[in-house]
Amino acid sequence: MPVEEPYLVQPADGVYAYVQPDGGWCLNNAGFVTGGGRTLLVDTAATERRALALRDAVLAAGAPLPRTVVNTHHHGDHTYGNGVFAPEALILGHDNARSEQLAAGHQLEMIWPATDFGAIDITAPDLTYSDRATLYVGESEVQVIHPGVAHTTGDSVVWLPAQRIVFTGDLVFAEGTPFLAMGSLAGSLRALELLRSLGAETVVPGHGPLTDASAYEATERYLRYVAELAGEGRANGLTPLETARRADLGEFAAWRDSERLVANLHRAYAELAGEPEGAALDILSVLRDMTVMNGGSPILCHA
């Protein structure tokens, strides 16, 4: 099926969300805040072509090109396009987002060698922070907050308190399955509590359509479902794959990328075994198990 074209949503004056349907693998969301002759961009895109389209969308909205880019985490679908905006824009990310991005390198090309990512230079954050940072774009206050280990070890939440808008990065996949292979199940539950405390009215997820705080409840139900499955499966001596293949997804069956269940079980099993949150998993094993859960077909990059 052909992928729909990206589109802009303007939830407040000077605030835009850039949504890439249908939000599956490599189809992330971005967004920007503009005012006072400046623009701050939240995340980029997975390919050179898509990053250039994002650049065009900023200009088409009448905004100047960004002088700051905030990366919500290191994954290539959110950062590969950084080089389209640098060096004119300074890249901001969490301390771990920089180190993780440099360590990952051209990881997406290794996972999806047939995808045309274009001319991608790995462009890691120039400026990093450890807990939180505050920026101002015209009259808009932009808070960048580290929620702890969650989707990855270096996540950032971008919160606009005056507009009650939050860019969650991949702490939330609207209508899609969460992915914890490089983060933490327990940490993701804590991150939802942080998101709730902000009191956002508009939630821009890392993938999928704009939503509201009800997305936190759905995400929490899924995470607790994974935790329960993992506890039962491990107690019965089952592997994550065996547990995943026996699972009834129930209300979550309609979410995109359901094969991520086995990846999330790998993470939950590791935490039950006492591994530190965010400890590296055997990603090749995780990918192999997701392929099995995908009916034997490799997962596809849709960018």
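The values are calculated or read from the model by the stated rules, or taken from the named source; none is laboratory data. Computed from a predicted model, the values in this text were never measured in an experiment. Note: ideal-geometry Cβ built from the backbone for every residue, glycine included; neighbour counts use all protein chains shown. The protein model used for the area step is the full one, side chains on, heavy atoms only, and it has no ligands, DNA or RNA in it. Shrake-Rupley method; radii C 1.70, N 1.55, O 1.52, S 1.80 Å.
Residues of the range 130-140 include none that is within 25 Å of VAL226 (Cα to Cα), in contact with a Lys or Arg (Cβ under 9 Å, 6 or more places away or on another chain), hydrophobic (A, V, I, L, M, F, W, C) and open to solvent by less than 20 Å² (accessible area, probe 1.4 Å).
If I filter the range 117-142 down to residues being part of a loop (DSSP other than H, G, I, E, B) and of a type in the set (Asp, Glu), which single residue comes out as nearest to PRO298 (Cα to Cα)? Step through it out loud before you land on a result.
Of all residues in the range 117-142, those part of a loop (DSSP other than H, G, I, E, B) come to 117-126, 130-131, 138-139.
Pick out the ones that are also of a type in the set (Asp, Glu) and you get 121, 126, 131, 139.
Working: ASP121: 26, ASP126: 35, ASP131: 37, GLU139: 47 Å.
Among residues in the range 117-142 that are part of a loop (DSSP other than H, G, I, E, B) and of a type in the set (Asp, Glu), the one nearest to PRO298 (Cα to Cα) is ASP121.
Across the range 231-243, the qualifying residues are those that are of a type outside the set (Asp, Glu) and within 19 Å of MET290 (Cα to Cα), and the one among them that is most open to solvent (accessible area, probe 1.4 Å) is ARG234.
Taking the criterion of being closer than 24 Å to LEU281 by Cβ and in a helix (DSSP H, G or I), the residues of the range 143-193 that qualify are LEU185, ALA186, GLY187, SER188, LEU189, ARG190, ALA191, LEU192. Taken as a whole, the range 244-265 holds at least one residue that is part of a loop (DSSP other than H, G, I, E, B), polar (S, T, N, Q) and open to solvent by less than 50 Å² (accessible area, probe 1.4 Å). Against the criterion of being on the phi < 0 side of the Ramachandran plot, out of contact with any Lys or Arg (no Cβ under 6 Å at 6 or more places or on another chain), modelled with pLDDT of 95 or more and open to solvent by less than 10 Å² (accessible area, probe 1.4 Å), GLY169 does not qualify.
Scanning the range 195-204 for residues that are open to solvent by less than 40 Å² (accessible area, probe 1.4 Å), assigned to a helix (DSSP H, G or I) and out of contact with any strand residue (DSSP E or B) (no Cβ under 6 Å at 6 or more places or on another chain) yields one hit, LEU195. ARG224 meets each of the listed conditions (1) charged (D, E, K, R); (2) open to solvent by 20 Å² or more (accessible area, probe 1.4 Å); (3) closer than 19 Å to LEU27 by Cα apart from (3). Reported count of residues in the range 85-116, each being surrounded by fewer than 20 Cβ atoms within 10 Å (Cβ to Cβ) and not in a helix (DSSP H, G or I), is 10. What do you reckon, is LEU223 farther than 28 Å from VAL157 by Cα and in a helix (DSSP H, G or I)? No; evaluated as a whole, the condition is false for this residue.
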